[in-house]
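The values are calculated or read from the model by the stated rules, or taken from the named source; none is laboratory data. This one's a predicted model, so the numbers in the text were calculated from it and none came from an experiment. Cβ coordinates were reconstructed from backbone atoms using ideal geometry, including for glycine residues, and neighbour counts include every protein chain displayed.
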Amino acid sequence: MEIIKKNIKLYKEVLKKIKQYSTIVVYRHTCPDFDASGTQNGLVTWLKDSFPNKKIYMQGKDFYDFTPRLFPAIEEVDETTLGDFLTIVVDTGNTARIDNQNFSLGKEIIKFDHHPAVENYGQINIVNDELASCAELVLDFVYWCKKKYPLSMLACKYFYIGIVGDSGRFLFSSTSMHTFESASVCLDSGFNLQKDVYLPMYEKDPKDLEIQKFILNNYHLSSKGVAYYIFTKEDLAKFSLRPENGKNHMSLFSNIKGINIWVSISEDVSENVYRVSFRSKEIAINKVAEKYRGGGHAQASGGKLLSLDEVEQMIKDLDDLIK
């Protein structure tokens, strides 16, 4: 794999910091996706393998969708008892989204991210928003270290989950030669692609058919090709869905001719908002997401509505993006 050469100076600084601290804590964003959890677990596994005498921790609430079928349970630690430690944050563009705000107790902070650089909160910030996944970025660093600190099959499996998750199984436009090279490095470690990755990632429950039926019976389509569906709190309760899972079936619209942008809207009574997920084939939708209290990638972003009264204007804003 060809290392991202412009980052090598930063990689040397990161490795120096890792060697300097006896305690390292790795964080990621709230409501993690495959990339956030895969990158976090991949990095922690590599750190534990490479530096067995150090204390290495993961922080953040377990995401019930992933634990234990994909990732081990997180044993949270009280950071106030750790003394001086190094904080590493992955896949998180701004501090407000970091799961566990005690990340700031770290004496120094390193940020690895592939979102637009809206907040450089680390002493070392390694950001590349052209990559499909944060897993690619961290794997790039780890691969640079491989002569002295090799990659285990388990770490590779976790990184691969992050890569395949955020590249949409290599379908998203952010997929690049570097994405495939990174995936190849992971696959070369020898894990079983079907058994260890794809089945636990994508196997569905029969009740998902009922959820998909609901979506297909209740979605709306604008004149310019913006499709959207809404899960109210009553709808979510009917299907035993959590608000963060309302977006799980957005791929139903991804290959439909005439649908250019598709949106899921899910009521979240715990925050008194509606969670919004935006996807598109080619059109950059992240600026609209930013207007609605969110942000993200050009073709995959998130946001929040204060009420359903905002839906009409939001769809109009998305329509205006379509020529």
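Among the residues of the stretch 47-65, what is the count of those that are among the hydroxyl-bearing types (S, T, Y) and in a loop (DSSP other than H, G, I, E, B)?
So the count comes out to 1.
Quick one: in the stretch 99-126, of everything that is under 25 Å from K157 (Cβ atoms) and not charged (D, E, K, R), which residue is surrounded by the most Cβ atoms within 10 Å (Cβ to Cβ)?
So the residue we want is F112.
Between a first residue in the stretch 180-194 that is more than 10 Å from E136 (Cα to Cα) and a second residue that is part of a loop (DSSP other than H, G, I, E, B), which pairs have beta carbons less than 8 Å apart while being 6 or more apart in sequence or on different chains?
S184/M1; V185/M1; V185/L151; S189/L151; S189/S152
Taking the residues in the stretch 137-173 that are among the polar types (S, T, N, Q) and surrounded by fewer than 21 Cβ atoms within 10 Å (Cβ to Cβ) as candidates, determine which candidate is farthest from I8 (Cα to Cα).
S173
For L137, indicate whether it is in contact with a strand residue (DSSP E or B) (Cβ under 9 Å, 6 or more places away or on another chain), part of a helix (DSSP H, G or I) and at pLDDT 95 or above.
yes
From V26, V44, V14, which residue is assigned to a helix (DSSP H, G or I), under 14 Å from G162 (Cβ atoms) and β-branched (V, I, T)?
V44
Of the residues that make up the stretch 196-211, is at least one outside the structural domain of F66 (by TED's automatic domain parsing), at positive phi and surrounded by 15 or more Cβ atoms within 10 Å (Cβ to Cβ)?
Looking through the stretch 196-211, none of the residues is outside the structural domain of F66 (by TED's automatic domain parsing), at positive phi and surrounded by 15 or more Cβ atoms within 10 Å (Cβ to Cβ).
Before we move on, is S264 part of a strand (DSSP E or B), in contact with a His (Cβ under 9 Å, 6 or more places away or on another chain) and of a type in the set (S, T, Y)?
On the way: part of a strand (DSSP E or B): yes; in contact with a His (Cβ under 9 Å, 6 or more places away or on another chain): yes; of a type in the set (S, T, Y): yes.
Against the criterion (part of a strand (DSSP E or B), in contact with a His (Cβ under 9 Å, 6 or more places away or on another chain) and of a type in the set (S, T, Y)), S264 qualifies.
Looking for whichever is among the aliphatic types (A, V, I, L, M), surrounded by 15 or more Cβ atoms within 10 Å (Cβ to Cβ), closer than 27 Å to S174 by Cα and in contact with a helix residue (DSSP H, G or I) (Cβ under 7 Å, 6 or more places away or on another chain) here; the options are I261, I315. Which one fits?
Just a single option satisfies the conditions, and that option is I261.
Which condition does Q212 not pass, out of (1) of a type in the set (S, T, N, Q); (2) in a helix (DSSP H, G or I); (3) within 30 Å of G42 (Cα to Cα), if it passes all the others?
(3)
Within the stretch 274-287, identify whether any single residue is crowded, with 21+ Cβ neighbours inside 10 Å, modelled with pLDDT of 95 or more, part of a strand (DSSP E or B) and in contact with a Phe, Trp or Tyr (Cβ under 7 Å, 6 or more places away or on another chain), and answer yes or no.
Yes, that holds for at least one residue.
Can you tell me which residue in the stretch 292-312 is surrounded by the fewest Cβ atoms within 10 Å (Cβ to Cβ), limited to those that are on the phi > 0 side of the Ramachandran plot and touching a residue at least 40 places away in the same chain (Cβ under 8 Å)?
Filtering the stretch 292-312 for residues that are on the phi > 0 side of the Ramachandran plot and touching a residue at least 40 places away in the same chain (Cβ under 8 Å), the one surrounded by the fewest Cβ atoms within 10 Å (Cβ to Cβ) comes out as G296.
Give the stretch 288-323 a look and list any residue that's in a helix (DSSP H, G or I) and under 20 Å from the mean Cα position of the chain (by Cα), or say none.
Of everything in the stretch 288-323, those that are in a helix (DSSP H, G or I) and under 20 Å from the mean Cα position of the chain (by Cα) turn out to be V288, A289, E290.
Could you check T23 against (1) more than 18 Å from S133 (Cβ to Cβ); (2) under 19 Å from the mean Cα position of the chain (by Cα) and say which number it fails?
(2)
Out of (1) closer than 21 Å to Y64 by Cα; (2) surrounded by fewer than 19 Cβ atoms within 10 Å (Cβ to Cβ), the odd one out for N192 is which?
Checking N192 against (1) closer than 21 Å to Y64 by Cα; (2) surrounded by fewer than 19 Cβ atoms within 10 Å (Cβ to Cβ), the one that fails is (1).
Of (1) surrounded by fewer than 16 Cβ atoms within 10 Å (Cβ to Cβ); (2) in a loop (DSSP other than H, G, I, E, B); (3) among the hydrophobic types (A, V, I, L, M, F, W, C), A132 satisfies all except one. Which?
Evaluating A132 over (1) surrounded by fewer than 16 Cβ atoms within 10 Å (Cβ to Cβ); (2) in a loop (DSSP other than H, G, I, E, B); (3) among the hydrophobic types (A, V, I, L, M, F, W, C) leaves (1) as the failure.
Restricting the search to the stretch 62-78, which residues are under 23 Å from Y202 (Cβ atoms) and among the charged types (D, E, K, R)?
D62, D65, R69
Taking the criterion of being within 28 Å of V273 (Cβ to Cβ) and touching a residue at least 40 places away in the same chain (Cβ under 8 Å), would at least one residue in the stretch 202-219 satisfy it? Write out each step before concluding.
First, pick out the residues of the stretch 202-219 that are within 28 Å of V273 (Cβ to Cβ): 204-205, 207-208, 210-219.
Right, trim to touching a residue at least 40 places away in the same chain (Cβ under 8 Å) and you get 208, 212.
Yes; the residues of the stretch 202-219 include at least one that is within 28 Å of V273 (Cβ to Cβ) and touching a residue at least 40 places away in the same chain (Cβ under 8 Å).
Return the residues of the stretch 85-99 that are part of a loop (DSSP other than H, G, I, E, B) and under 12 Å from the mean Cα position of the chain (by Cα); say none if nothing qualifies.
Result: D91, T92, G93.
Return the residue satisfying two criteria in turn: it lies in the stretch 11-56 and is under 21 Å from P68 (Cβ atoms) and acidic (D, E), and of such residues it is surrounded by the most Cβ atoms within 10 Å (Cβ to Cβ).
The qualifying residue surrounded by the most Cβ atoms within 10 Å (Cβ to Cβ) is D35.
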